[in-house]
Each structure stands twice: as structure tokens, then as C-alpha cells.
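Step one of this worksheet: look at the structure below.
A short reminder: the numbers here are calculations on the coordinates, not readings from a lab. All figures in this text were calculated on a predicted structure; none of them were measured in a lab. Cβ atoms come from the backbone with ideal geometry, glycine included; neighbour counts cover every protein chain shown.
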Amino acid sequence: MSTRPRVRAPELTGRGWLNTDGPIALRDLRGRFVLLDFWTFCCVNCLHVIDELRPLEERYAEELVVVGVHSPKFVHEADPAALAQAVERYGVHHPVLDDPELGTWQAYTARAWPTLVLVDPEGYVVAQYAGEGHVHAIDALLAELVTEHRERGTLQPADSPYVPPVVEPTDLRFPAKAVALPDGHALVADAGHDEVVELAADGSVVRRFAGFREPNGLCLLPPEVAAEVGYDVVVADTVHHQLRGIALATGAVTVLAGNGSQWMQGDDTSRLSSPWDVAWWRDRVWVAMAGIHQLWTFDPRTGAVVVAAGTTTEGLLDGPATEAWFAQTSGLAADGDRLWLADSETSSLRYLVSTGSTTSTGSTTEVRTAVGTGLFDFGFRDGPAGQALLQHPLGVTVLPDGSVAVCDTYNGAVRRHDPVADEMTTLATDLAEPSGAYVDGDQLVVVESGAHRLTRIPLGAAGRVTDEFAHRTQRPVTEVAATLELVVTFEPPPGQKVDDRFGPASQLVVEATPPSLIREGDGRGTDLGRTIVLDPRVGEGVLHVAARAASCDLDGGEGAACRMHQQDWGVPVRVSPDGDAMLVLPLGGVG
């Protein structure tokens, strides 16, 4: 165990509580372990952690209380009604503190979504982890600490303060995407019911296809391809980390790709990570692999799964497809030589296009951005595309005139991008989290996820924006010295050691926005610490830090369990003569 000084856990403060009968203070939970999960509902990595925690909550039902601390990134996420819907939508089965001003976030010095903090039965912080994939470490630590505190008499098991919300029955529950069928019917990914639903033209339910977990994207295959492979529709089965096929004639549902486990660094393409949308382009199914910020392809004829674009680094970086950065791509739409995409975390509309040049491996595909600037800038603004702003868009649809409709989800709007005029206008507002759409004649059928319905909008409608705004995510800015020691702390879980059998056990990548902020020390290396020299003339920006470390069972024999721990941080910094000379980011460990 760590010999560092014990730190008393700060109190939990915020606007209110969900999933419980009343306010909770840490003293109310004394005698039990408390695991604080700092999350925001836009973040796919946070959603992964909610799922990872379920077995842990069940295993330590009497000894451990998980408390979600919702510290929002986007303006929409600070809306209490939107948060209540997200808690239901993602099946959060523990109390949630609403922390819209990031007060508790700052008290626990969180720097990334998600962050996990373990508090012992006496009210002291014993461990902190950033990112996903740490539940095995927390489980191993709890196995030691539960015994220790039981022997000391400080552990007092009790029931959870969780109280489930009341859910009103509806035909659709948080639908995500929809596609039109040739017979006038529609298929809807009914994420809240874990089903795909076929609707008649009048909106009535024809049949339901079960066996999914929070399905999102739907792709109707060309008839000749469907006849060859035996299924008609490819479904992005997001929480199962799979692609599934639906044969409309028989109703059969089959697994097409993904073994059901989430992809982690070092895995091959037998595993997927939160596929969010699918589209037919260039004789393949293209997959928005939101969980790892990449685009993959799936060939229905051969079953081949290939990484097509992205490096897994989260951000907005244009260029050759294999070098580009994406940020939780959630919507795809093909239009001739372009594949349009909605990059939700950068609030951007982007596209892939062939440059016409060729290499030894084929034609070169580039990524370009039409609207959006980066991870922390968003808003609601029409006009020239270079000045337009979106807020966490999830869907994109090509319109008959060649323009593109964007489901501007967190603005509750449908926006229209004209690629010829290179400008953005608004088609409709006052929608409840629009997340997908398809064209039906002279109407756009929009999936209003937050209202549990499909809504028709005339394509000739002229929308109007009354309250435009621009916003930058208001996370605390860290004052730092021009010469900065960056340290990523990592300690293997109990029973494991650093795994360096196949080379360096760790990797650290440091970049910045703007790039000119860093004079020296950017790039990739194997040490979890380095000296970075910042340019005071640039003054401020965001440090993008990606770290990973490998650990393995102490015996290291055949069948030993090995783990990869990884996290990305975006840390807003300002260069100051009185700034901190050291920046410490916890990847994981006790103390």
C-alpha cells in the first residue's frame, strides 16, 4: 500500500441529485467505499465506464456505493432535464450528482472525462484513475481493502441509496437513427428499448427485432449485395461492439463483425469499439468507430474488417485519411465521391474525398473540414462555413439538391450546409436532440431522440435563428511555467507488475493546439514524463496528452492476465512567470 499522506475526500456539492431520494453527503456513506465517477454524457469513454462498473457494483453491492458526478462539457449537458434523460438513456443505476459549475470536479482536481476516485470507509481518497479500462485495478484494490477495513471494524455494509426513476412507456424510447425501406416503411434504431423497430407509413409498429444493446446506425445494402449475402440491413450494435445483419424477409438477426468485446490498444479488428453509424460507400460499409475515433470498413461479401482512417488520437486534424484525427464520429452519409461525417466532440462537419492521386496501395483519400475548429469550441451560428458553429452533432443526411442536413443535436436544430456556397443555414429549431434523419419525398424525417418520435420537416421550410451564440468549454485553465515538467503517474494494480516483456511498457504522446505553443518536447516517446518548453509569445492553448501503460500478473506465466491502461487529456494551459513548473496527470494508482 502507498505510504503517501492521507487526503480527506472533499464534500460533494452541486445543483442537485438524481437517482436518489435526497441530497447525499459523504458522512452519510461513512463505513462504505465510495467510487466517484466523473463523467459527461456526450463522452463515449464515459459511457464505456458506466458499463464497465456494472459487475463491480453488483460484486460489492453492500460495501461499495458508486456516485456519478456529472460535470458537463457542453452547454446542453448543463440542462437538468437533458441530464435526467441521459441518466435514463444510458441505464445509470446509481446516484448522480449534478455538478454544472464543475465545483466537485475542481475539488477533486479532475482533468479528464472520465475520472474515477476511490474513497475509503473513513472518508479518505485512496486511488484515482483517468480514462477507461481500470475496473480490474479497482476490483483488485477493493479485494485488499475490504478485508483490511473489515478486520479494523471500519467497514459497515449497507444498502445503496439508489432509487430508480419512473419511466413512462412509449413505442419508441430514445430512438437514434432511421432509414427508409423500399415499401414505404421505415426502420428505426430504438436504442432505449435495445431493438430495431419497423414502422408503417402511418407510424404504427409493424414488428420489432431484438437482441441488440443501444443500436444506433442503420445501413440498407444495395439489392444485389443483399441478395448475395442473405441480409438487407447492417446495424451498428453500439454497446455490444458489433455489426449485426437483419434479413427483412425472415426477421433473422446475425452477427457480422465483432466478438462482443471492446477494442483496446494492441487488439486486432476482431474487436470493435462503439460503432455509432454505418453507410454504404465505395462498395463497402463504412463504420464510424466512435469509441476509438476512427473510420473502419466492412465488406459484406468477404467479412473483411479494415481500419480506413484515423490514428485513435482524438481531435480535429485534416490530411491523409490514415493520419487524420477524428473525435467520436457519430454520423455518416455518402454522396458520390464524398463521405460526409458528423464529428460530435469537435462539433464539426467533415468529409472524406479522393484527391485523384494514387500510390502503390491505391487512390489517396483525404479528410477535410467544412465546419468546426476543435474539441472545445462550439455554438450556434449561421453564415460562412468558416465562421459557422454547431454543438455536438450526431447525424448527417444528403439532401436532393446536394446540400447536407446536419442534426445539430445539442442545439435542438437541423442545419443545412451548402457545399457550393460554402455556408450554413438553419432548417428547423426547437427539436429534442435530433440524432438522425432521412429524406422522404419533399420532407426530411428527423429522429427526435429526446422526444421518442420521428418528426417531418418540409425541405422548403425557412428556419430562423433568434439567439446565436459562441462558446468555449469552460474548464479551469492551468497556469504553467514556460519550462514544464510533465509527469504521468502510473502504478500497476495489486497483483500485477509493469509488462515490458515485448518492449517498452509505456508510451506518451504530447501535442498542442495551436501547435506553435510547444517549442520543444512534443511528439511520441516511451517515458511517462518529459520536459516541455512552451512559447510565452503564443501564451495559451490546449496540451493534448495521450498515455498508455501495460501491466501483467506478477507470476507472468502462461495464461497470465495482461492489461493496457490508457487515457487522453486535453489540458487548457496559460504560460505565466508564476505558473506551476510541474503538471501531474494520474493515469492510475493508489494514493
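Filtered by the rule that a residue be outside any strand (DSSP E or B) and either at positive phi or surrounded by 23 or more Cβ atoms within 10 Å (Cβ to Cβ) (or both), segment 279-320 gives Arg282, Asp283, Ala290, Gly291, Ile292, His293, Pro300, Gly303, Gly310, Thr312, Gly315.
Checked against (1) on the phi < 0 side of the Ramachandran plot; (2) surrounded by 18 or more Cβ atoms within 10 Å (Cβ to Cβ), Gly412 passes all but condition (1).
Within segment 82-98, not a single residue is without any contact (Cβ under 8 Å) to a residue 40 or more places away in the chain and within 21 Å of the chain's Cα centre (by Cα). Cys46 meets each of the listed conditions (1) part of a helix (DSSP H, G or I); (2) closer than 22 Å to Ile138 by Cα; (3) in contact with a Leu (Cβ under 7 Å, 6 or more places away or on another chain) apart from (3).
For segment 243-278, the candidate set comprises residues that are hydroxyl-bearing (Ser, Thr, Tyr) and buried (at least 18 other Cβ atoms within 10 Å of the Cβ); within that set, the residue that is farthest from the chain's Cα centre (by Cα) is Ser273.
Against the conditions (1) crowded, with 21+ Cβ neighbours inside 10 Å; (2) more than 25 Å from Leu543 (Cβ to Cβ); (3) out of contact with any His (no Cβ under 6 Å at 6 or more places or on another chain), Arg111 satisfies every one except (2). Among residues of segment 8-34 that are over 17 Å from His70 (Cβ atoms), those with a Cβ under 7 angstrom from a residue that is among the acidic types (Asp, Glu) and part of a loop (DSSP other than H, G, I, E, B), sequence gap 6+ or separate chain, pair up as Ala25/Glu11; Leu26/Glu11; Arg32/Glu63; Phe33/Glu63; Phe33/Asp120.
Taking segment 279-297 as the range and being within 21 Å of the chain's Cα centre (by Cα) and of a type outside the set (A, V, I, L, M) as the test, the residues that pass are Trp286, Gly291, His293, Gln294, Trp296, Thr297. Annotation: of all residues in segment 431-451 being assigned to a loop (DSSP other than H, G, I, E, B) and touching a strand residue (DSSP E or B) at 6+ places or on another chain (Cβ under 6 Å), the one that is surrounded by the most Cβ atoms within 10 Å (Cβ to Cβ) is Leu431.
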